[in-house]
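Read the structure below first, then the notes.
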Amino acid sequence: MPEERRVISVIVINEASVLSRIAGLFSGRGYNIDSLTVAPIPESKYSRITIVTQGSVLVIEQIIKQLHKLIPVLKVYEHANLVEKEMALVKFPVTECLSDIAALCAAYNGKIVNVSEDFMICNVADIPQRVDNFLKAIKRFHPKEIVRSGVVAMEI
Amino acid sequence: MQISGAQMVIESLIAENVEVVFGYPGGAIMNVYDEIYKQNGFQHVLARHEQAAIHAAEGYSKATGRVGVAMITSGPGFTNAVTGLADAYMDSIPMVVISGQVPMSLIGTDAFQEIDAVGISRPCTKHNYLVTDAKDLPRILKEAFYIASTGRPGPVHVDIPKDVTAQIEEFVYPESIELETYKPTVKGNARQIKKAIDAIGEASRPIFYLGGGIINSNAADEVRELVNMTNIPSVETLMARGTLGADNENLISMLGMHGSYAANMSMSEADLMIAIGARFDDRVTGKLSEFAKHARIIHIDIDPASISKLVNADFPIVGDVKNVVKEMIPLAKERIDGQKYAQWRETVANFDKLHPLSYQDSDEVLKPQWVVERIGQLLGDDANITTDVGQHQMWAAQFYPFSRPRQWITSGGLGTMGFGFPAAIGVKRGCPDKVSINVTGDGSILMNIQELMTAVEYKLPVINVILNNNYLGMVRQWQTMFYDKRHSQTDLSMQPDFVMLAQSFGGLGYRVKTKEEFDAALKDAVEKNVVALIDVTVNRLENVLPMVPSGGSLFNMMLEYKDK
């Protein structure tokens, strides 16, 4: 059974312990979570959790059923048709070529967001694979620190 | 009404019609125990170990169908209870377990007797709560009982810090509960049910695979009606023993690792399987790819996660077994000819004639199977049977003539040694009119032997029948068969004097080596109605047979074992 990348959305009641219930389902079975994002859904008591993981159809089917069984979980669905975005923040020494970096960022829906005496910080927001590409491309500018947000997704 | 969190616990339990709580006090739960002292709405049974308190509540719940309630303190009190929680979770037993916790201000400081209880109980409960405000307590307890007893039942753990039990708030117990995110499907899909009935009608070799969900759903009457009407051969899992009754002519026997040859062969030959409240446990299926591989599968279960988890179901029906089977009955009456499967029934009967479930009795030494059969002959329907885990458990499941649901209480999923005696105490508390027999082994009984004190104190006369072979028998059997007889750490020749042991707690002990002695001991213990240990010396190297070696196929059974 081929292991494929999966994006799962889980709508949960926004309460303490719900995240550990969900993470526990994965860790207890020895499955890794590639990325996980959580944020409240506006004007509701719910939060949306977006999980990116790897697994075969059977494994994911079982995980989705088990997620459904958790009491504070309202809805679970695996995305088939979706828009995905991920953000990354990157810190460069201010001595690197500002204009080159700014141009690269722009190509990936980003820009320089902060400059201090020693460092500048830029952000990009794109589909995860393009964020990967961006991070490869900026290696030669000696990034000091990289922070990725994890994926958010929406069904088309 | 302005009352403390501790009082709220009492009032809530009374509102839920709880008649007995099994527990053990300690520092963090003292506020609640103080209120227990002052009330007379329910009885508190003081176990002598927290694990036993949970098992007793499990036994009570399994025997009565009610929610079992247990109470323990923080830290070690809670960690001792974890085995019980896991056991109840694996066997889907409705339970509410309340534990004390250190005060909110001390949580996370490595306080005395502090442990992250909800962190530990999360994977072994259906749901759990850490109560951070007494205002939430009535709602949480209402939810706990509701969640424990609906859908696929299971244990719910409520952890209450000591300052929350001291906090004074307005108390109103909610009358009903609605959880937006928890709505078990109880009614089966009508179209799926029709399709399933048609599939049964088309089949020529159908088989019912009956599981413990039938007992949980109180659906044995309905299932029996369906089975009798259709005349379809049926097998029971370990957890379903007692569903059809031993004298039902459609019942083949138990299936699985130590199931009968006929049950396992019929399953292997069937062209349609109707799984009801069963979950395809590995001890049932053996090698999955070979399990009932000629059969299309109808699977009825309240838990969607159980369906197509291990074996793909051709006709999945999510719903409460009782509801679904009730809807199947009139359709089956219309569309299924009960005479149709005569030839298949004959095949099944021939399997049974070829290798019936049996054992070689002896005049020289007591056979454990004889002891189980004899209890059945002497007490039959009058006894409830609990067991521990191991060879004795399998012999009890194979040879006791079960006649009704909830007569048989055993630790199936988790396989917890030490379960039987405390569970039998809970069973006796729930069903005082039946004789409570715990069939146990010389290994298992020592794992909760301190409960002799509980049984004696509360006059809950459990009769423990120890099938004593001076071995950790089931492990010894595997070592004999699969590890070249290297009996590593399974020789239990060092033993206490069980007669004196029972006496020292105020119970009665019997030493039994012959059939006559066994009859006399059992009759005496039943008559005197006391807590008893009957130490029965049985054949030391008896094996549980037949057997499907772990990972083997059901149709490839070891029918006898010849010592090399």
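One residue stands out among those in region A:28-60 that are at the interface with another protein chain (Cβ under 10 Å from one of its Cβ atoms) and farther than 18 Å from residue B:305 by Cβ: the one that is surrounded by the most Cβ atoms within 10 Å (Cβ to Cβ), which is A:46.
Residues in region A:1-27 that are polar (S, T, N, Q) and within 11 Å of chain B (Cβ to nearest Cβ): A:17, A:20, A:27. Look at (1) outside any strand (DSSP E or B); (2) among the aliphatic types (A, V, I, L, M); (3) buried (at least 16 other Cβ atoms within 10 Å of the Cβ); (4) within 14 Å of another protein chain (Cβ to nearest Cβ) and you find that residue A:138 fails only one, number (4). Within region B:134-176, being more than 12 Å from chain A (Cβ to nearest Cβ) and part of a loop (DSSP other than H, G, I, E, B) holds for B:153, B:167, B:171, B:172, B:173, B:174, B:175, B:176. Output yes when any residue across region B:120-130 is within 11 Å of another protein chain (Cβ to nearest Cβ), assigned to a loop (DSSP other than H, G, I, E, B) and within 30 Å of residue B:320 (Cα to Cα), and no when none is. Yes; the residues of region B:120-130 include at least one that is within 11 Å of another protein chain (Cβ to nearest Cβ), assigned to a loop (DSSP other than H, G, I, E, B) and within 30 Å of residue B:320 (Cα to Cα). Of the helices (runs of 4 or more DSSP H) contained entirely in region B:1-110, those carrying at least 2 residues that are under 30 Å from residue B:238 (Cα atoms), more than 17 Å from the chain's Cα centre (by Cα) and not aliphatic (A, V, I, L, M) fall at B:76-90. Within region B:331-354, residues that are surrounded by fewer than 15 Cβ atoms within 10 Å (Cβ to Cβ) sit with their Cβ atoms under 8 Å from residues that are not in a helix (DSSP H, G or I), at 6+ positions apart or across chains, in these pairs: B:338/B:231; B:339/B:231; B:343/B:204. Of the helices (runs of 4 or more DSSP H) lying entirely inside region B:182-230, those carrying at least 3 residues that are within 24 Å of the chain's Cα centre (by Cα) and surrounded by 16 or more Cβ atoms within 10 Å (Cβ to Cβ) are B:213-216, B:220-230.
Looking at residue B:29, is it touching a Phe, Trp or Tyr at 6+ places or on another chain (Cβ under 9 Å) and within 16 Å of residue B:160 (Cβ to Cβ)?
no
All conditions but one from (1) in the same structural domain as residue A:142 (by TED's automatic domain parsing); (2) within 20 Å of residue B:181 (Cβ to Cβ); (3) of a type in the set (A, V, I, L, M) apply to residue A:112; the one that does not is (2). Consider residue B:63 carefully, then state whether it is farther than 17 Å from residue B:128 by Cα and touching a residue at least 60 places away in the same chain (Cβ under 8 Å). Yes: the conditions hold for residue B:63.
Given the structure, is residue B:8 surrounded by fewer than 22 Cβ atoms within 10 Å (Cβ to Cβ) and farther than 26 Å from residue B:416 by Cα? Against the criterion (surrounded by fewer than 22 Cβ atoms within 10 Å (Cβ to Cβ) and farther than 26 Å from residue B:416 by Cα), residue B:8 does not qualify.
Filter region B:160-179 down to the residues that are hydrophobic (A, V, I, L, M, F, W, C) and out of contact with any Gly (no Cβ under 7 Å at 6 or more places or on another chain), then identify the one that is farthest from residue B:144 (Cα to Cα). So, considering only residues that are hydrophobic (A, V, I, L, M, F, W, C) and out of contact with any Gly (no Cβ under 7 Å at 6 or more places or on another chain), the one farthest from residue B:144 (Cα to Cα) is B:168. Out of the residues in region A:70-98 that are charged (D, E, K, R) and in contact with a Lys or Arg (Cβ under 8 Å, 6 or more places away or on another chain), state the one that is nearest to residue A:13 (Cα to Cα). Result: A:78. Report yes if some residue within region A:76-91 is assigned to a loop (DSSP other than H, G, I, E, B), over 23 Å from residue A:5 (Cα atoms) and either basic (Lys, Arg) or free of Cβ contacts under 8 Å to residues at least 24 places away in the same chain (or both); otherwise report no. No: zero hits.
Could you go through region A:65-77 and let me know if any residue there is more than 21 Å from residue A:136 (Cα to Cα), more than 14 Å from every other protein chain (Cβ to nearest Cβ) and crowded, with 18+ Cβ neighbours inside 10 Å. No, every residue in region A:65-77 fails to be more than 21 Å from residue A:136 (Cα to Cα), more than 14 Å from every other protein chain (Cβ to nearest Cβ) and crowded, with 18+ Cβ neighbours inside 10 Å.
The values are calculated or read from the model by the stated rules, or taken from the named source; none is laboratory data. Quick caveat, the model's predicted, so the values are computed rather than measured. Cβ atoms come from the backbone with ideal geometry, glycine included; neighbour counts cover every protein chain shown.
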